[in-house]
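Inspection log for the structure reproduced underneath, given as structure tokens.
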Amino acid sequence: MRVSARVAVLILGACAAGCHAKKPPPPPPPTVIVSKPLKTKIVNWDDYVGRFEAINSVDIRPRVTGYLQSIGFRDGQIVHQGQVLFTIDPRPYQAALDQARGQEAHAQAALSNAEIELARAKKLLAARTIAEQEYEGRLATEQQAVADLNAAHATVESAALNLSFTRVTAPLTGRVSDRRVAPGNLVTQDSTILTNITDLDPIYFTFNGAESFYLKYERQAQSGVRPQSRDFANPVEIRLQDQTRYDVKGRMNFVDNTLDPNSGTIRGRAVVANPNFILTPGMFGHLRLLGSGTYDGLLIPDEAIVALQSDEVVYVVNAAGTVEERKIVLGPRVGELRVVQSGLKAEEDVIISGVQRAKVGSPVSAKPGEITPPSPGTLPSPVDLTPPPAAASFPDEAP
């Protein structure tokens, strides 16, 4: 019993000594890097997927029937308007022209004789040496000769036209397809397809836009924020499949008058210069069209953005060194930065590094940092603005 009491006294003494010991100091606040957002002028673009189409595409058919004699182009080459593409054996048509010219000469001689007889009949009728009926007969003969000569002229012109049709020429400048027939084959008037030509400069780019975007453009046009949505001067920029920048420039030249009731989209078209014939019909591309007027935007890095369910937020440090939350609305991407359209002020210190250590309402140790601006020449030009994913228009189109 004495031993137990002595142990109890020692335990109580140890507890008393421990109660008077100092508590460990609290951990220091986490260190974060802060910076004020970059402020600049921003222009949004809306992105669409579409394809290039030829303004004109012509199937070349013969205008006369005959045997193909020669071909005057290489498959796939650029041909020019008026260039001879095919030659049909002209000899039958040359013979028909010669025959028509002979008939024309015969009709001319008959008319000359009828005019002489009519002039003689006029004199004899004035001298009352022939009957008026005979004069009228010679007058009718002269008029018939005039009609025969006119018909002969028409026959010559038709024969000459058919002879010219034996040389099949390009109706426009563009790229020719491959030949569909070989020399020696019989080609039929207005039936046989010899080849196809599409013009390439300029070229169309067609796309479908969602009904919501169409309404947005119309409302912006009515409020004066942008030109009329059907204004053919609206600029567009196109990125090809092997490009990262929108280097192809063009302008809108057509918006359809009805929406497709099945897809809820409306067809638009831009015209693009193609002097080097790089663009070809059927090629896909990404087009962007001005989606807003110029506005003041703030730029922050992606690392500063925190996704909370369906919201995007950033953390800022107030004057007391405490973390606060700001719900923001994001715009397009500019290089490695993102545009903040609303929810953030230009004078606020945004946590750009160490976001995972920050907690709303808790103090932090803020160190000044700096947001690296985009490369020179990218601001405030809208050329380098990449539209946000929400600006894509029709997911059913192939990329």
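Quick notes on this structure:
- Arg333 of a type outside the set (S, T, N, Q) and over 30 Å from Val79 (Cα atoms): yes
- Residue within segment 283-296 that is out of contact with any Lys or Arg (no Cβ under 7 Å at 6 or more places or on another chain), among the charged types (D, E, K, R) and modelled with pLDDT of 90 or more present: no
- Selection count, segment 220-238, where residues are modelled with pLDDT under 75 and assigned to a loop (DSSP other than H, G, I, E, B): 10
- Some residue of segment 129-149 being in contact with a Ser or Thr (Cβ under 8 Å, 6 or more places away or on another chain), at pLDDT 90 or above and not aliphatic (A, V, I, L, M): no
- Among the residues of segment 39-53, those identified as surrounded by 21 or more Cβ atoms within 10 Å (Cβ to Cβ) and modelled with pLDDT of 75 or more are Trp45, Asp46, Asp47, Tyr48, Gly50, Phe52.
- Residue pairs meeting the criteria (Cβ under 6 Å; at least 6 apart or on separate chains; first without any contact (Cβ under 8 Å) to a residue 24 or more places away in the chain, in segment 160-180; second among the hydrophobic types (A, V, I, L, M, F, W, C) and not in a strand (DSSP E or B)): Arg180/Ile193; Arg180/Leu194
- The residue that is farthest from the chain's Cα centre (by Cα), counting only those in segment 72-103 that are β-branched (Val, Ile, Thr) and over 17 Å from Leu163 (Cα atoms), is Val79.
- Residue among Gln94, Gln103 that is in contact with a helix residue (DSSP H, G or I) (Cβ under 9 Å, 6 or more places away or on another chain) and at pLDDT 95 or above: Gln94
- Residue list for segment 306-333, restricted to those being loosely packed, with under 12 Cβ neighbours inside 10 Å and either under 34 Å from the mean Cα position of the chain (by Cα) or under 22 Å from Asp46 (Cα atoms) (or both): Ser310
- Residue pairs whose Cβ atoms lie under 7 Å apart, separated by 6 or more positions or on different chains, with the first residue in segment 129-143 and assigned by TED's automatic domain parsing to the domain that holds Ala114 and the second among the small types (Gly, Ala, Ser) and outside any loop (DSSP other than H, G, I, E, B), are Ile130/Ala121; Glu134/Ala121; Tyr135/Ala121; Arg138/Ala121; Thr141/Ala114; Glu142/Ala114.
- Qualifying residue in segment 325-333 (condition: part of a loop (DSSP other than H, G, I, E, B), not assigned by TED's automatic domain parsing to the domain that holds Phe213 and not aromatic (Phe, Trp, Tyr)): no
- Of all residues in segment 207-219, none are of a type outside the set (Val, Ile, Thr), touching a strand residue (DSSP E or B) at 6+ places or on another chain (Cβ under 7 Å) and at pLDDT 95 or above.
The values are calculated or read from the model by the stated rules, or taken from the named source; none is laboratory data. From a predicted model like this one, the values you see are computed outputs, not experimental measurements. Neighbour counts run over all protein chains shown; Cβ positions are idealised from the backbone, glycine included.
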